[in-house]
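What follows is a single structure, written as structure tokens, with notes after it.
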There are 4 protein chains.
Amino acid sequence: MNVDREQISKTINNAIENASTRAVRGEVASYIPELAKANPQKAGIAVTLSSGDTFGAGDFEDQSTIQSVSKVFTLAMALGTVGDGLWSRVGREPSGSAFDSILQLEHERGIPRNPFVNAGAIVVTDEILANYQPKEALGEIVRFARSLAQDDTIHIDKAVARSETQTGHRNRALANYLLSFNNLRNEPDLTLGVYYHQCALSMSCAQLSRAGRFLAFGGGLGTGGAQIVAKKRAKRIAAIMLTCGHYDGSGDFAYRVGVPAKSGVSGMILAIVPNVASIAVWSPGLDKQGNSLIGTQILEEVVEALDWSIF
Amino acid sequence: MNVDREQISKTINNAIENASTRAVRGEVASYIPELAKANPQKAGIAVTLSSGDTFGAGDFEDQSTIQSVSKVFTLAMALGTVGDGLWSRVGREPSGSAFDSILQLEHERGIPRNPFVNAGAIVVTDEILANYQPKEALGEIVRFARSLAQDDTIHIDKAVARSETQTGHRNRALANYLLSFNNLRNEPDLTLGVYYHQCALSMSCAQLSRAGRFLAFGGGLGTGGAQIVAKKRAKRIAAIMLTCGHYDGSGDFAYRVGVPAKSGVSGMILAIVPNVASIAVWSPGLDKQGNSLIGTQILEEVVEALDWSIF
Amino acid sequence: MNVDREQISKTINNAIENASTRAVRGEVASYIPELAKANPQKAGIAVTLSSGDTFGAGDFEDQSTIQSVSKVFTLAMALGTVGDGLWSRVGREPSGSAFDSILQLEHERGIPRNPFVNAGAIVVTDEILANYQPKEALGEIVRFARSLAQDDTIHIDKAVARSETQTGHRNRALANYLLSFNNLRNEPDLTLGVYYHQCALSMSCAQLSRAGRFLAFGGGLGTGGAQIVAKKRAKRIAAIMLTCGHYDGSGDFAYRVGVPAKSGVSGMILAIVPNVASIAVWSPGLDKQGNSLIGTQILEEVVEALDWSIF
Amino acid sequence: MNVDREQISKTINNAIENASTRAVRGEVASYIPELAKANPQKAGIAVTLSSGDTFGAGDFEDQSTIQSVSKVFTLAMALGTVGDGLWSRVGREPSGSAFDSILQLEHERGIPRNPFVNAGAIVVTDEILANYQPKEALGEIVRFARSLAQDDTIHIDKAVARSETQTGHRNRALANYLLSFNNLRNEPDLTLGVYYHQCALSMSCAQLSRAGRFLAFGGGLGTGGAQIVAKKRAKRIAAIMLTCGHYDGSGDFAYRVGVPAKSGVSGMILAIVPNVASIAVWSPGLDKQGNSLIGTQILEEVVEALDWSIF
């Protein structure tokens, strides 16, 4: 695996340049009004090494909400407090259906397939709420993201959070459905409130790639950094990213790109190259499965050029 | 990642010894009469390094049919002849349902979710038959397995093949269903005949771990060996093993063990540690998802002890 | 078809007596706390003829909420205001699944299968709300029931309505899900509020059998009575009762009993013998599909003895 | 209900004339080559009264295979030999899915939803085969149809039967699937052979309306005729026709037409007006659910004009 800095820098700049020429850029998420305003021409990538050094290309310093990428951080938090007990409330199998599907919830009696489909992520957030008041919980989530990225400017985009709250009928259906199976402990709207705010965490690629380091480097913040979660737990979260991180496009992503990654509907993707690098890419246009179209192409090119596939 | 030979040897012997003390050993597959005769007390493991050196413990020289592990080899063969055209006939997403489920076939108009569920593997075998007469096709499959393992004694257990033929009503339903969507080119019974025989390939763990080397070492047979498939293709097959190799238990296996692997109902598992080793384990008792219960535990222990997780 | 009064009277008394000896009486609905208090030993039947004469046996004057039987009345109201336009928002096919299933809603993009599954009935109530404020809408529903039964004492059991409101998580999931497909016009909780209150309409068998007359007698209140809905509409509502009135037990009910009928989880059933009689039966114990176990047996006996099957 | 002969005659002639002017005539079934040759301009109707008198209009003497209408006759035969024991092998609920769906078979462990979906009809035919050799069974079915219609010229169209045999992959999938759940007693191809031949029974509307009389007149052949099945059984078969006779269009048919009926993909429909008439209509163009488009319109018009709805 290539960790030559010059090579990395050249590769990511090439990938961004190649991406800029592509005409087909996917569809910007439209179901959340604030997200619909995004510009599909935008594209950025940042790569953080064990040393903490971060390489960027394109719009890597632009801010965007991270949406479902936040599910990785709340999963780490929830496993930290309840440990494997979490798995009695949510599975860890790929779902074979859309991110907001309610189908499998009925067949599987209210136990979401994995923590990265919406229903599962709502359960994870609900678990975090067991130990905190809503406002505190949200504070904890922001604090966790800041400590991971070692950047205290990270904040929540309240306009986006509000926008999600107003149109989140499907998620409200999911939360009430979970409650009907006794798999929600808090009022649906309360859990959803925290959930929408965590999705509205605003970060640049540079910040996100730094925040993802603990998953690449055995649970710690790279060379000389603090230990955030146990090494085994970091690896296991990465495993779930690989099998479930791109909804019903996870198999295709693993096939084409070959690294653990989690996508969000804002077009953000956090990818992990174990022991080598944490990567964040961003481009708002989505493919049919709801994953960044250009972002995936950039990652595919970079991972192949640097021989970073885990397989 | 640990490649100390003494360490490997000690680790696998420990794992087999620990396994021997376990009371809960799963259920032997009963739907194929010949498989029902297997002894759940049996357990073996073999590890093959890049050098070709193979370390074994327990019943690693016992012969067993490899069943669905054969799907890895036929997938490599089919990709070799038709390349990515194969993906118009079969997907590469985890299925979220049982290995012999017919549900998703209806929703997805006759395109199986991936090449490792039964319907998908039948399509792969059907593709191989495009270039050969049935007997020749079977000969090619055996020849391929022998060349991978560099062992000409590998053969098909005809009693098991016959046993599968007689009770394969579900597979016959799948094959006819595929045909009704024009996704089968040969007579169902003809394709199934080859399919049952490939599943009845008989190998020891030692042979299987050798046969799996090309997936661990960039498509070649390890140090100084021939190139079997392109490096990229080998990595991609490994990716599908990780996301789909254990049916609806694939997510759990990735979480607990953390390496690409393919299981079969005979209790065989082929696991790949990229650039490090090819591993075969065997123990006939199965868990609810149809994967070797003890075999998975052995792998979990070995991979953790040697720090071989890919995540 | 037998309309001999003495024969009717004798038949229903016999049926109640036979019912009183049965040990297996089904399970009282437990998911609504107030309903869980019902006594499964209770059983009553009332038969209303074209003349308006009503024959009763057993506990036919006991009050019970009518629950889903109310869906028949709101369907008649909604068809009265929007006519066949209603069918763009809800289908009229049997569902093949449970009364509160959310599965088919996903496959069929937010269009409930029929107006008698919960999702469909919520849409119907939502349609009534298009023309009224919530309180008015509820007033209209009560008024409609009173005019049908020609009984101004009919009212809503507020304790039951409250009880449903508090535990209706599944219905809240359905309503929000409908909204996510733009198939709900009002706030989910507002539509659900009216829905829960309509389900809490309290009637005796005597009152309900009188209220159902318009469906038996060509849309009018029997001999000399007012016309409530067009004859064709009455027949069509009866058709939906036959195909969809008992959820996933509708086919079995048609087979065994052979008349159009709608059941509720309180154990009430309204059955229609076209041009002959309107029947209400009540017994709180339910079968697996959520229909009155003893009530169905009573109807089966009465319909057969009087040769009232429509087939 | 109107039984004035002149009125009936005038009504059916009007209906045929009106039908002849319609431009949208549906699609002729194409999956069976022989059926694809049918002329969608054709349309006929025949009405048989209790007296046996038969009124016809349009192409009511043209021959067509009756396809799935045959399922009514085999159901009557199977119930005659095994009685209610049949219901342990097949349900009697509407399916909520297509006529050849395999989905529910998986969820419901090999028990088809009702005897009129293909899987259910295959089980019914398999049951008839319990008492006869295949050729005898077929002979019995033909004999039964002849005795019902009192017409010894009724025969099987062997070209159509052959055509179905050659393309029946979906049915072969269903049969093998049933076998995998031990819900088939004979070799799939053997049961299917009889099934395809029963579907190829060739009749005119005149013959079919006569053959359906026993269902309209309490199980007997009308005034002075022999008793074929018990009155209760005839009514119950009619009930299943109403709830399941038009696949996933059964609810719509009941709503619009309002009589028990069974359709076939050849465009034949057998409809029953209890105690009044047996009706056969035919027009080869099908709607989306696979039921005769023009045939349904003709029935709708005739049933309304003569006030023959059972509701």
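A quick yes/no check of all residues on (1) part of a helix (DSSP H, G or I); (2) of a type in the set (D, E):
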{"residue": "A:P112", "(1), (2)": "no, no"}
{"residue": "A:F116", "(1), (2)": "no, no"}
{"residue": "A:A121", "(1), (2)": "yes, no"}
{"residue": "A:V124", "(1), (2)": "yes, no"}
{"residue": "A:A130", "(1), (2)": "no, no"}
{"residue": "A:L138", "(1), (2)": "yes, no"}
{"residue": "A:V142", "(1), (2)": "yes, no"}
{"residue": "A:D151", "(1), (2)": "no, yes"}
{"residue": "A:V160", "(1), (2)": "yes, no"}
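Scanning the stretch D:52-109 for residues that are more than 24 Å from C:D248 (Cα to Cα) and aromatic (F, W, Y) turns up D:F55, D:F60, D:F73.
Is it fair to say D:A238 is assigned by TED's automatic domain parsing to the domain that holds D:A277, within 11 Å of D:P274 (Cβ to Cβ) and out of contact with any Phe, Trp or Tyr (no Cβ under 7 Å at 6 or more places or on another chain)? It is false that D:A238 is assigned by TED's automatic domain parsing to the domain that holds D:A277, within 11 Å of D:P274 (Cβ to Cβ) and out of contact with any Phe, Trp or Tyr (no Cβ under 7 Å at 6 or more places or on another chain). Among the residues of the stretch B:142-185, those that are among the hydroxyl-bearing types (S, T, Y) and either at pLDDT 95 or above or in contact with a Cys (Cβ under 7 Å, 6 or more places away or on another chain) (or both) comprise B:S147, B:T153.
Criterion first (surrounded by fewer than 24 Cβ atoms within 10 Å (Cβ to Cβ), more than 19 Å from C:Q63 (Cα to Cα), touching a residue at least 60 places away in the same chain (Cβ under 8 Å) and at the interface with another protein chain (Cβ under 10 Å from one of its Cβ atoms)) does C:D307 satisfy it? So that I can check it myself, show each step before the final result.
Numbers: surrounded by fewer than 24 Cβ atoms within 10 Å (Cβ to Cβ): yes; more than 19 Å from C:Q63 (Cα to Cα): yes; touching a residue at least 60 places away in the same chain (Cβ under 8 Å): yes; at the interface with another protein chain (Cβ under 10 Å from one of its Cβ atoms): yes.
Here the answer is yes, as C:D307 does meet what is asked.
The residues in the stretch C:267-290 that are crowded, with 24+ Cβ neighbours inside 10 Å and within 23 Å of C:E27 (Cβ to Cβ) can be counted, and the count is 11.
For the stretch C:128-141, a tally of residues being over 18 Å from the mean Cα position of the chain (by Cα) and surrounded by 15 or more Cβ atoms within 10 Å (Cβ to Cβ) returns 4.
A quick yes/no check of all residues on (1) within 11 Å of chain B (Cβ to nearest Cβ); (2) of a type outside the set (S, T, Y); (3) within 11 Å of the chain's Cα centre (by Cα):
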position: A:F217; (1), (2), (3): no, yes, no
position: A:M241; (1), (2), (3): yes, yes, yes
position: A:G245; (1), (2), (3): yes, yes, yes
position: A:A254; (1), (2), (3): yes, yes, no
position: A:V259; (1), (2), (3): yes, yes, no
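Could you tell me which numbered condition A:E93 fails, if it satisfies all but one of (1) modelled with pLDDT under 95; (2) closer than 15 Å to A:N183 by Cβ; (3) under 18 Å from the mean Cα position of the chain (by Cα)? Status for A:E93: all satisfied but (2). Counting only residues that are closer than 26 Å to D:P115 by Cβ and either touching a strand residue (DSSP E or B) at 6+ places or on another chain (Cβ under 9 Å) or β-branched (V, I, T) (or both), the stretch C:219-249 holds 10 of them.
Residues of the stretch C:216-266 that are assigned to a strand (DSSP E or B), buried (at least 24 other Cβ atoms within 10 Å of the Cβ) and either modelled with pLDDT under 95 or among the small types (G, A, S) (or both): C:A261, C:S263. So how many residues does the stretch C:116-152 have that are in contact with a Lys or Arg (Cβ under 6 Å, 6 or more places away or on another chain) and within 14 Å of another protein chain (Cβ to nearest Cβ)? The total comes to 2. Flag set for D:Q41, criterion: in contact (Cβ under 8 Å) with a residue 12 or more places away in the chain, surrounded by fewer than 21 Cβ atoms within 10 Å (Cβ to Cβ) and not hydrophobic (A, V, I, L, M, F, W, C).
Between C:T21, C:T11, which is touching a residue at least 24 places away in the same chain (Cβ under 8 Å) and not hydrophobic (A, V, I, L, M, F, W, C)? Before the answer, list the steps.
Numbers: C:T21 fails: touching a residue at least 24 places away in the same chain (Cβ under 8 Å).
The conditions single out C:T11.
The condition (being in contact with a Phe, Trp or Tyr (Cβ under 6 Å, 6 or more places away or on another chain) and either within 14 Å of another protein chain (Cβ to nearest Cβ) or over 18 Å from D:E106 (Cβ atoms) (or both)) is satisfied by just one residue among B:G110, B:G91: B:G110.
Report, by residue number, each residue of the stretch B:87-105 that is surrounded by fewer than 20 Cβ atoms within 10 Å (Cβ to Cβ) and either part of a helix (DSSP H, G or I) or of a type in the set (A, V, I, L, M) (or both).
Taking the stretch B:87-105 and keeping what is surrounded by fewer than 20 Cβ atoms within 10 Å (Cβ to Cβ), we get B:87-88, B:97-98, B:100, B:103.
Matches in the stretch B:87-105: B:W87, B:S88, B:A98, B:L103.
Quick check, is D:Y195 assigned to a helix (DSSP H, G or I), among the hydroxyl-bearing types (S, T, Y) and more than 13 Å from chain C (Cβ to nearest Cβ)?
Yes: the conditions hold for D:Y195.
Residues that are surrounded by fewer than 19 Cβ atoms within 10 Å (Cβ to Cβ), without any contact (Cβ under 8 Å) to a residue 40 or more places away in the chain and closer than 21 Å to B:L178 by Cα do not occur anywhere in the stretch D:173-181. Per the conditions (1) touching a residue at least 24 places away in the same chain (Cβ under 8 Å); (2) surrounded by 17 or more Cβ atoms within 10 Å (Cβ to Cβ); (3) not small (G, A, S), the sole criterion not satisfied by C:T81 is (2). Of all the residues in the stretch D:67-90, those that are hydrophobic (A, V, I, L, M, F, W, C) and closer than 18 Å to D:R213 by Cβ number 7. Of the residues C:I128, C:I122, the single one that is assigned by TED's automatic domain parsing to the domain that holds C:L192, touching a Leu at 6+ places or on another chain (Cβ under 7 Å) and either over 24 Å from C:K37 (Cβ atoms) or of a type in the set (D, E) (or both) is C:I122.
Taking the conditions exactly as written (closer than 24 Å to A:G83 by Cα and either under 13 Å from the mean Cα position of the chain (by Cα) or charged (D, E, K, R) (or both)), does A:Q227 satisfy them or not? Don't jump to the end; show me each part of the working.
Working: closer than 24 Å to A:G83 by Cα: yes; either under 13 Å from the mean Cα position of the chain (by Cα) or charged (D, E, K, R) (or both): no.
The answer is no for A:Q227.
Would you check if there is a residue in the stretch B:170-190 being of a type in the set (K, R) and facing chain D (nearest Cβ under 10 Å)? The answer is yes; a qualifying residue exists. Among the residues of this structure, B:D84 does not count as one that is modelled with pLDDT of 95 or more, out of contact with any strand residue (DSSP E or B) (no Cβ under 7 Å at 6 or more places or on another chain), part of a helix (DSSP H, G or I) and acidic (D, E). Regarding A:G56, is this residue outside any loop (DSSP other than H, G, I, E, B), outside the structural domain of A:N182 (by TED's automatic domain parsing), over 16 Å from the mean Cα position of the chain (by Cα) and not aliphatic (A, V, I, L, M)? Here the answer is yes, as A:G56 does meet what is asked. Here C:A19 meets each of (1) modelled with pLDDT of 95 or more; (2) part of a helix (DSSP H, G or I); (3) within 30 Å of C:N183 (Cα to Cα) with one exception, condition (3). Just to be sure before I move on: is B:V28 closer than 16 Å to B:G290 by Cβ and aliphatic (A, V, I, L, M) in the structure I sent? It is true that B:V28 is closer than 16 Å to B:G290 by Cβ and aliphatic (A, V, I, L, M). The set of residues in the stretch B:59-78 being surrounded by fewer than 24 Cβ atoms within 10 Å (Cβ to Cβ) and not in a helix (DSSP H, G or I) consists of B:D59, B:E61, B:D62, B:Q63.
The values are calculated or read from the model by the stated rules, or taken from the named source; none is laboratory data. Here the structure is a predicted model, which means the values were calculated and not measured. Cβ sites come from the backbone with ideal geometry, for glycine too, and all protein chains shown count toward neighbours.
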